[in-house]
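To start, the structure under review is shown below, and the notes come after it.
What follows is calculated from the coordinates using simple rules that are stated; it is not laboratory data. Since the model is a prediction, treat every value here as computed from it, not as a measurement. For neighbour counting, all protein chains shown are included, and Cβ atoms are generated from backbone atoms with ideal geometry for every residue, glycine included.
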Amino acid sequence: MAMNVFDAVRARRSVKSFTDRPLPEGAVESLLELVVLAPNHRMTEPWRFIVLGPEARRTYGGLKGESRARRVDDPEAAQAVLRKTVEKMSALPSMVAFVQVLDDDPEIREEDFATIYMGMQNFLLGAVAMGLGTHVKTGAILDEPATREALEVEEGERILALVQLGEPAEVPNEKPRTTATERTRKLL
Ligand SMILES: Cc1cc2nc3c(=O)[nH]c(=O)nc-3n(C[C@H](O)[C@H](O)[C@H](O)COP(=O)(O)O)c2cc1C
């Protein structure tokens, strides 16, 4: 568990495939307790977490699969896409929806969005320290009524991301990135 932050940041990847090994007992709960330690202006605590069990992941997999299948012309290939997506989602060791309670004030809404993503990074780095992998997933499907209903998202709430979590089957290579130095302007 003892891993320094620099190492965790450098080791983090968006993991694309997970083993079917169950998570250590209490892993999700421990990681979520890191989320709520994020900097939070006005201490609004705007996060809600929805932990999807196998049934919920299967239902979501159906919705995601249908959305993917709609983009495939051949009906048989479309069915295969649907089936594969359902299987993949139900086989995930865990998936957590990060949900924002939407404040009426746009300024607070923006800050709240930021704080949840800061918390999400705590979750991602904590997972690395536990030898686990994560993948943040977003997209229009998260705002669709069918998704909101399937995940029992309440009025005035918005799903910001679905985070997949598990033991990595494979750890992707680091993506090439421009150094910060090249993106930095220094003022006198
Ligand atoms: C806000 C946000 C949304 C993302 N949404 C998706 C997504 O919908 N699908 C996906 O495959 N990856 C998604 N990612 C992961 C990025 O594609 C990934 O971080 C990027 O390719 C860099 O790879 P790395 O995370 O392994 O360094 C998202 C990342 C962020 C920060």
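Quick one: which residues, 5+ away or cross-chain, put their amide H under 5 Å from the amide H of Phe18? H built at 1.01 Å from N.
Ala169
What's the FRET efficiency of Ile50 with Glu174 using the Cβ-Cβ distance as r and R₀ = 22 Å, to the nearest 0.05?
So, using R0 = 22 Å, E works out to roughly 0.10.
Find the relative contact order for the range 12-163 and round it to a whole percent, using C-alpha pairs within less than 8 Å whose residues are 6+ positions apart.
Averaging sequence separation for qualifying contacts and normalising by length gives 35 percent for the range 12-163.
Pop out the ³J(HN,Hα) list for the range 118-127 in order, Karplus 6.51 cos²θ - 1.76 cosθ + 1.60 with θ = phi - 60°, rounded to Hz; leave Gly and Pro as x.
3J(HN,Hα) across the range 118-127, in whole Hz: 5, x, 4, 5, 4, 4, 5, 6, x, 4.
Whose amide H sits under 5 Å from the amide H of Arg13, counting only residues 5 or more places off or on another chain, with H placed in the peptide plane?
Counting only residues 5 or more places away or on other chains, the set is Thr134.
Find how much the distance from Asp20 to Arg183 grows on full extension, using 0.36 nm per residue of separation minus their present alpha carbon separation; answer in nm with one decimal.
54.7 nm
For the chain, what number results from the quotient of the Cα radius of gyration and 2.2 N^0.38 Å?
Relative to the rule-of-thumb radius for its length, the chain sits at 1.12.
Suppose every Lys and Arg Cβ carries +1 and every Asp and Glu Cβ carries -1, with no other charges. What dipole size does the chain come out with about its Cα centre, to the nearest 20 debye?
Using only the charged Cβ atoms, the result is roughly 1020 debye.
Karplus couplings for the range 141-152 from phi (6.51 cos²θ - 1.76 cosθ + 1.60, θ = phi - 60°), rounded to Hz, Gly and Pro as x?
For the range 141-152, the Karplus-derived couplings read 4, 5, 8, 6, x, 5, 5, 4, 5, 4, 8, 6 Hz, x marking Gly and Pro.
Cα gyration tensor of the range 92-188, axes a ≥ b ≥ c as square roots of the eigenvalues: rounded (a/c below 1.5), prolate (a/b > b/c) or oblate?
Oblate.
Using 0.36 nm per residue of separation minus the Cα-Cα distance, give me the extension gain between Arg10 and Phe113 in nm, one decimal.
34.7 nm
Roughly what would the spin-label model give for Leu37 and Glu76, points 7 Å off Cα along C-beta, in nm?
A separation of 5.4 nm, rounded to one decimal place.
Need one word for the range 52-133: rounded, prolate or oblate. Basis is the Cα gyration tensor (sqrt eigenvalues a ≥ b ≥ c); a/c below 1.5 gives rounded, then a/b vs b/c decides.
It is oblate, given that a/c is not under 1.5 and a/b is not larger than b/c.
Ordered by residue, what ³J(HN,Hα) values in Hz, to whole numbers, does the range 42-47 give under the Karplus form 6.51 cos²θ - 1.76 cosθ + 1.60, where θ = phi - 60° and Gly and Pro are x?
6, 6, 6, 6, x, 8
Averaging over all projection directions, find the projected area of the Cα convex hull of the range 16-93 and quote it in nm² with one decimal place.
Over every viewing direction, the Cα hull of the range 16-93 projects on average to 7.1 nm².
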